[in-house]
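Just so you know, all these numbers are worked out from the coordinates, no wet-lab data involved. It should be emphasised that the depicted structure is a prediction, and the values quoted were computed from it without experimental measurement. Glycine also receives a Cβ, built like all others from the backbone with ideal geometry; neighbour counts cover every protein chain displayed.
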Amino acid sequence: MTDNRTPLVEMRDISISFGGIKAVDHVSIDLHPGEVVGLLGHNGAGKSTLIKILAGAYKADHGEILINGERVEIDNPRDARDLNIETIYQTLALADNLDAASNLFLGRELLRRGFVDDAKMEAETRKIMSRLNPNFRKFNVPVSALSGGQRQSVAIARAVYFNARILIMDEPTAALGPHETQMVAELIQELKAQGLGIFLIEHDIHNVMKLCDRASVMKNGELVGTVNVNEVTDDDILSMIILGKQPAHLAA
């Protein structure tokens, strides 16, 4: 994907070590509006650690982060949220005993005359769901009763409602069947159309080829390379993961 606009995110020369071991070693990646960048690599490659630096869970030892072209400091998750960065982890961080609206506004409840305004929260939840997943109907049941794809919808709606511009998704389809995976894929396409930028941590190369504009591959804490998915094959990306080098036709 070629894009001359200012990136939503630039992570430049990022490094972090734990106990003398470099988990991320001088890695640079970026993300544009309306783009999905897949992050791939074996377990321990450094992709989750890198993205946790953007999410505020870790503080980099070296490097800088730019949001909309301006250098920022992200010392904790609150700093990330203040910069409209939201993270959806595999666990989703949903309260199983609460319904969709209560989860969407958990910790940020809407009040009326000093009391939680349940009606307003449900109305707002219905409004955002009509944009993201018009087929969602289970507004008044605990999220424990929802399917995996529906639970993803609630987590994504929470991020979008609170003005996320940069979304980090950690293996969003890992535990889902084909129908649920397609539901999440449609949600991602809708978010792209709305101009969000998405970092997608993913192990399934087929999902990367279907959902992503670019793919960044890491190995042993280093960036192997970033490629446009329409210029490579599944085997090219697999080779990058295993061998740790760019495809020959892109290396020049």
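Can you find, among Met240, Met169, Pro134, the residue sitting farthest towards the positive end of the charge dipole of the chain, where Lys and Arg contribute +1 and Asp and Glu -1 at Cβ?
Value: Pro134.
Can you compute the helix-only [θ] at 222 nm over the chain? Use -39500 (n - 2.57) per DSSP H run of at least 4 residues, normalise by all residues, nearest 500 deg cm²/dmol.
When only DSSP H runs of four or more count, the value is -10000 deg cm²/dmol.
Given R₀ = 45 Å, what would the calculated FRET efficiency be for Asn135 paired with Ser28, taking r from the Cβ atoms and rounding to 0.05?
Once rounded, the FRET efficiency stands at 0.65.
Using the number of other C-beta atoms within 10 angstrom as an exposure proxy, rank His206, His32, His42 with the fewest first.
Arranged by neighbour count, lowest to highest, His206, His32, His42 become His206, His42, His32.
If the chain between Arg108 and His203 were fully stretched, how many nm would it gain, using 0.36 nm times the residue separation less the Cα-Cα distance?
Extra length from Arg108 to His203 when fully extended: 30.9 nm.
At what distance in nm do the modelled label points of Val116 and Asn220 sit from each other, each positioned 7 Å from its Cα along Cα→Cβ?
Distance between the two pseudo-spin positions: 5.1 nm.
Just the Cα atoms of the chain, one point each, no solvent: what log10 I(q)/I(0) does Debye give at q = 0.12 Å⁻¹?
Reported log10 I(q)/I(0), two decimals: -0.71.
Residue by residue through the stretch 215-223, which ³J(HN,Hα) values in whole Hz follow from phi under the Karplus form 6.51 cos²θ - 1.76 cosθ + 1.60 (θ = phi - 60°), with glycine and proline marked x?
3J(HN,Hα) across the stretch 215-223, in whole Hz: 10, 10, 10, 10, 8, 6, x, 10, 7.
Cα extents of the stretch 36-102 along the three principal axes, largest first, in whole Å?
41, 31, 23
Can you tell me how much longer the chain between Glu70 and Thr6 gets when fully stretched, taken as 0.36 nm per residue apart minus their C-alpha distance, in nm with one decimal?
22.0 nm
What is the gain in length, in nm to one decimal, between Phe162 and Asp82 on full extension, counting 0.36 nm per residue of separation less the C-alpha to C-alpha distance?
27.8 nm
Using only Cα atoms and rounding to the nearest 10 degrees, what angle (0 to 90) does helix 234-243 make with the longest principal axis of the chain?
The two axes meet at around 70 degrees.
Relative to 2.2 N^0.38 Å, what does the C-alpha radius of gyration of the stretch 96-164 come to as a ratio? Two decimals please.
Dividing the Cα radius of gyration by 2.2 N^0.38 Å gives 1.03.
Could you state, as a whole-number percent, how many of the C-alpha pairs of the stretch 1-130 are farther apart than 21 Å?
Percentage above 21 Å: 54.
How do Phe105, Phe199 line up, fewest other C-beta atoms within 10 Å first?
Lowest count first: Phe105, Phe199.
Quick check: pseudo-label points 7 Å beyond the Cα along Cα→Cβ at Gln90 and Ile242, how many nm apart are they?
Once both label points are built, they end up 2.3 nm from each other.
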